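These notes concern the structure reproduced below.
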Amino acid sequence: MVNRYLPGEEILSKIQIIALVVAGLMAAVIFQLIRKKKLKEQYSLLWFLTVAVILLLAVWEPLLGRVSSALGIAVPSNALFLLALLFLFGMALHFSLLVSRLTDQTKMLAQKLALLDRDLRKEREARGRGESGGSSDGAG
Amino acid sequence: MDSEPRILVIIPAHNEAASIGEVIADIRASLAADIVVVDDGSSDGTARIARDAGVEVLQLPFNLGIGSTMQTGYKFARREGYDIAVQTDGDGQHKAAHIKELLAPIIAGESDMVVGSRYLSPESYKGPFGRRAGTALFSWVLSVLLRQRLTDATSGFRAVNRELIELFARDYPGDYPEVEALLTAHMARLRVREVPVAMRPRGGGRSSITNFHSVYYMVKVFLALMVVISRRRAPRSGQEVTPR
């Protein structure tokens with residue numbers, strides 16, 4: 001158990017294998033979502049970055065220990081939790097911003113549509129009256 | 001204003017089929033003004049009834065909430081070049097006979113925004129207790145901020161001039177807009193005034209403010225007020241108005 005950090009040691013620990021598998025699955029799911037055009041590439045980049053970080057932490061085990069001691073955190077896993085939480089917080093905020101922008105755009109579209117719909121009805125009414133005085137049934 | 005001012009009455013309506021016809025008739029009987037009903041995604045034929053009554057109808061494709069519905073009316077007023085916009089309720093709470101009193105200070109050029117207050121009028125329906133308490137609180141806060149006495153900051157019975165039509169067409173609060181809109185006008189250095197009006201108990205429909213939402217309402221409005229205050233007030237411009 002002492003030689004865990006020795007270079008040339010190629011046997012991966014159980015948790016490393018699990019992390020690699022999870023990262024691989026995440027990458028596959030994201031890629032598949034892009035292929036099916038359900039996820040826009042611009043939003044996938046952040047998730048691929050997440051996968052990359054997980055991969056890096058899994059493969060290069062001392063990294064997490066170094067990061068946590070640099071942050072002054074005694075237990076490396078706590079550093080991981082902290083960073084993961086901060087990252088997820090950032091993502092959630094990012095999506096809140098996106099939703100706010102979309103809400104605004106949707107509102108403006110709906111208002112514009114209401115105005116244009118009114119204009120179109122007026123136009124049709126005027127034309128109907130001008131041509132034959134026929135019925136002016138708008139689309140319900 | 002040299003000639004007769006062009007006046008538009010904006011009626012936001014969400015499922016007000018039961019009362020909208022009467023509201024329109026009421027307004028027509030009391031003044032000569034154009035009327036636009038902004039239908040906020042109603043499912044009960046509100047828009048059809050309004051169209052049959054021969055008024056302008058702007059039909060939103062889905063429910064946007066009262067603020068964005070009002071703003072649609074202001075956008076229409078701006079585009080069509082109206083001088084004054086009056087906002088009233090679709091459920092018959094506001095008495096159209098009072099619209100003239102809302103208009104008078106604006107036509108005289110004494111005020112940019114006139115709010116109909118039910119608390120300046122002795123015989124008016126004042127609403128349920130919770131609503132009254134909330135209104136009193138917001139009115140007090142706004143009175144302090146605007147350094148003038150306000151009694152009915154949540155009243156949605158208002159008239160505004162061209163300048164505020166332009167402002168609100170560009171920027172109007174989303175939900176529970178009344179309090180925030182008053183402060184927006186103040187921050188733009190526009191003059192606000194209240195006149196007494198009587199109001200009726202609600203006809204059809206429900207208030208947009210239910211008990212469940214009142215806490216959210218309070219928090220949202222106070223947050224909105226802080227945001228508006230944190231922005232800088234428009235520069236004092238004396239008489240001249242900056243061209244847009």
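Every read-out reported here was derived from the displayed coordinates using simple, explicitly stated rules and does not represent laboratory data. Since this is a predicted model, take the numbers as computed values, not measurements. Ideal geometry is used to build each Cβ from the backbone, glycine not excepted, and the neighbour counts take in all protein chains shown.
A DSSP coil position with no more than 15 other Cβ atoms inside 10 Å describes the following chymotrypsin sites (Phe, Trp or Tyr not before Pro) in the range B:107-137: B:Tyr125.
Taken residue by residue and averaged, Cβ atoms of other chains lying within 10 Å of the Cβ of B:33-40 number 1.
In this label model, B:Phe129 and A:Ser44 are separated by 6.0 nm, measuring between points 7 Å along each Cα→Cβ vector. For the segment A:112-119, counting C-beta atoms of other chains within 10 Å of every residue's C-beta and taking the mean gives 6.
Restriction of the trypsin sites (Lys or Arg not before Pro) in the range A:26-72 to DSSP coil positions whose beta-carbon has at most 15 other beta-carbons within 10 angstrom yields A:Lys36, A:Lys37, A:Lys38, A:Lys40.
Placing +1 on the Cβ of every Lys and Arg and -1 on the Cβ of every Asp and Glu, with nothing else charged, gives chain A a dipole about its Cα centre of roughly 380 debye. Looking at chain B only, what percent of DSSP beta bridges run antiparallel? Nearest 5 please. Of all bridge pairs located within chain B, approximately 30 percent are antiparallel. Pairs of Cα atoms nearer than 8 Å and 6+ residues apart set the relative contact order; for chain B it is 22 percent.
Given R₀ = 25 Å, FRET efficiency for B:Arg200-B:Glu166 by Cβ-Cβ distance, to 0.05? Spell out each step's value before the answer.
Details: r = 32 Å, r/R0 = 1.27.
Given R0 = 25 Å and the Cβ-Cβ separation, E is 0.20.
Mean partner shielding of peptide B:58-66, defined as the number of other chain Cβ atoms within 10 Å of each residue Cβ, is 4. Counting 0.36 nm for each residue step from B:Glu110 to B:Glu80 and taking away their Cα separation leaves a gain of 8.4 nm. Taking 29 Å as the straight-line reach from the Cα of A:Lys37, the lysines in range (excluding those fewer than 8 positions away in the same chain) are A:Lys107, A:Lys112.
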